[in-house]
Amino acid sequence: MRKLGIYVQVPFCQTKCTYCNFHTGVVATARFAPYVEAVCGEIRGHRELLRAAGVGLGEGIFVKARSQEWLSHEAMVDTVYMGGGTPSLLDPAHLQNILDAIRVTFTGELSEVTLEADPETIEAGKAAAWVGAGINRVSFGLQSFSDKELVAAGRMHRRADIYRAVPILRAAGIRNISFDLIAGLPHQTKESWRESLDELAGLVPEHVSVYLLEIDEGSRLGKELLLGGAKYSAGAVPSEDEMADYYEMAQGVLRAAGYHHYEISNWAKPGFESRHNLKYWRREPYLGFGAGAHSFSGMERWANAHDAAAYVTAVQGGRLPIEQHERLTPESALEEELFLGLRQLDGIDVGRIERDYGVTLTERFDPLASAGLVEREGSMVRLAPQRLSVSNEVFVELLR
Ligand code: SF4
């Protein structure tokens with residue numbers, strides 16, 4: 001029986017971080033309940049809503065078989081990821097309602113249920129209620145342990161909040177905690193980055209994600225970098241070379257601390273790899289609910305409209321506001337196999353992909369192997385671990 005992941009988008013935050021380009025907003029808390037009701041309505045009525053919106057789920061979620069036939073299976077849900085935004089802002093009863101809606105609508109055993117949380121939102125009562133609702137993994141947007149960097153990035157929490165929040169979660173029974181760090185925040189230095197990594201390792205989370213700061217003109221920091229100004233400390237953003245050094249430092253510190261590097265941006269203690277996120281890189285099916293949530297059935301990708309108010313109005317009116325809907329061609333599916341699969345450090349089975357898609361890939365990989373950017377072992381190809389900070393070059397070359 002194939003496994004299905006469920007993603008729930010909660011697009012609300014307390015403030016807007018300076019580097020953020022996500023479709024999230026700061027709204028009155030009175031808007032939370034109608035949003036949650038709409039999400040629960042979408043979950044319960046997803047088959048009819050999708051059918052009316054022209055998305056073909058058929059008898060279940062479609063998965064691609066080795067023979068290149070498309071088969072339908074009634075999939076079982078095993079992972080749920082509530083992300084955002086800051087879903088930990090919601091009342092625990094809201095989160096419980098969402099999980100209840102999933103349980104009554106889908107078959108399966110929810111073995112990994114992740115909640116994204118910001119450290120300042122953690123309280124003992126909330127944490128206990130989360131565990132009671134079935135949440136067993138908390139992913140923390142820490143970004144840094146330096147207050148100077150957190151202030152400049154517009155984050156609400158401070159270093160002390162991290163040290164306050166982790167014991168609360170542990171006492172509530174959360175045995176799987178993930179920390180996110182960002183390399184490249186304004187005012188970050190080699191020394192402050194090393195301190196953040198050491199402090200992170202000292203708290204022994206089961207999972208770690210390290211992202212390089214993305215400079216996007218959709219964020220206030222990105223605009224300042226492009227147009228000039230001093231409000232968001234754009235002048236104090238580390239260079240690309242420094243960010244690459246920070247990434248490599250993270251590789252060393254996390255390896256020494258016993259973490260397994262399993263995806264370009266992700267490390268885990270043995271057995272704590274994110275089962276939900278692995279579905280994205282392995283092209284396994286997932287359904288997304290909420291404003292802006294993305295879904296993948298194995299043969300189609302689609303996304304709901306980003307505007308939360310418009311989403312609520314549409315679902316209340318019995319309609320799903322889908323704004324992107326793509327049926328994959330064999331060519332686009334092959335591209336996904338390469339750029340998603342190669343993000344995993346185990347690499348891809350090129351022989352299997354060649355058989356499935358009827359293509360020859362050897363010539364594409366030859367120059368990359370000669371340049372030391374990828375490594376080959378039998379039919380497996382993987383990014384060279386010591387060249388991961390330039391992985392974009394590999395993807396550009398491969399998809400040319
Ligand atoms: S908490 Fe996350 S989603 Fe919210 S504003 Fe900050 S970066 Fe964006």
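Applying the set (1) of a type in the set (S, T, N, Q); (2) more than 17 Å from residue 395 (Cβ to Cβ); (3) without any contact (Cβ under 8 Å) to a residue 24 or more places away in the chain to residue 277 leaves exactly one unmet item: (3). Which residue is farthest from residue 23 (Cα to Cα), if the candidates are limited to the range 299-335 and must be aliphatic (A, V, I, L, M) and in a strand (DSSP E or B)? Ranking the candidates gives 322 first. Among the residues of the range 366-400, just one is β-branched (Val, Ile, Thr) and touching a residue at least 60 places away in the same chain (Cβ under 8 Å), namely 390. Please determine, by comparing only the residues of the range 1-22 that are open to solvent by 20 Å² or more (accessible area, probe 1.4 Å) and within 21 Å of residue 316 (Cα to Cα), which one is farthest from the ligand (Cβ to nearest atom). Across the range 1-22, the extreme among qualifying residues is 7.
Evaluation of residue 73 against the conditions (1) away from the ligand (no atom under 16 Å from the Cβ); (2) open to solvent by 40 Å² or more (accessible area, probe 1.4 Å); (3) at pLDDT 95 or above; (4) not small (Gly, Ala, Ser) shows that the sole unmet condition is (3).
Results for (1) more than 12 Å from residue 86 (Cα to Cα); (2) β-branched (Val, Ile, Thr); (3) part of a loop (DSSP other than H, G, I, E, B); (4) over 19 Å from the mean Cα position of the chain (by Cα), shown as yes or no for each residue.
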| site | (1), (2), (3), (4) |
| --- | --- |
| 5 | yes, no, no, no |
| 9 | no, no, no, no |
| 14 | no, no, yes, yes |
| 19 | yes, no, yes, no |
| 32 | no, no, no, yes |
| 35 | yes, no, no, yes |
| 42 | yes, no, no, yes |
| 47 | yes, no, no, yes |
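Here residue 301 clears all of (1) at pLDDT 95 or above; (2) under 30 Å from residue 32 (Cα atoms); (3) in contact with an Asp or Glu (Cβ under 8 Å, 6 or more places away or on another chain) except the condition numbered (1).
When 229, 218, 271 are screened for being under 25 Å from residue 82 (Cβ atoms) and modelled with pLDDT under 95, only 218 passes. Looking only at residues in the range 228-287 that are crowded, with 16+ Cβ neighbours inside 10 Å and basic (Lys, Arg), which one is farthest from residue 144 (Cα to Cα)? Only one residue fits best here, namely 283. State all residues of the range 116-157 that are of a type in the set (A, V, I, L, M, F, W, C), within 17 Å of residue 10 (Cβ to Cβ) and within 13 Å of the ligand (Cβ to nearest atom); if no residue qualifies, say none. Listed by number, the residues that qualify are 117, 140, 156. Evaluated against (1) modelled with pLDDT of 95 or more; (2) surrounded by fewer than 18 Cβ atoms within 10 Å (Cβ to Cβ), residue 293 falls short on exactly one condition, (2).
Residues that are more than 19 Å from the chain's Cα centre (by Cα) and outside any loop (DSSP other than H, G, I, E, B) within the range 100-118 comprise 100, 101, 102, 103, 104, 105, 108, 109, listed in sequence order. For the range 239-261, the condition of being closer than 30 Å to residue 302 by Cβ and polar (S, T, N, Q) holds for none of the residues.
Condition check for residue 108 on (1) away from the ligand (no atom under 16 Å from the Cβ); (2) in contact with a Gly (Cβ under 8 Å, 6 or more places away or on another chain): one failure, at (2).
The values are calculated or read from the model by the stated rules, or taken from the named source; none is laboratory data. Small disclaimer: the values here were computed from a predicted structure and weren't measured. Note that each Cβ is placed from the backbone with ideal geometry, even for glycine, and that neighbours are counted across all protein chains shown. Surface areas here come from the heavy atoms of the whole protein model, side chains and all, with no ligands, DNA or RNA. Shrake-Rupley method; radii C 1.70, N 1.55, O 1.52, S 1.80 Å.
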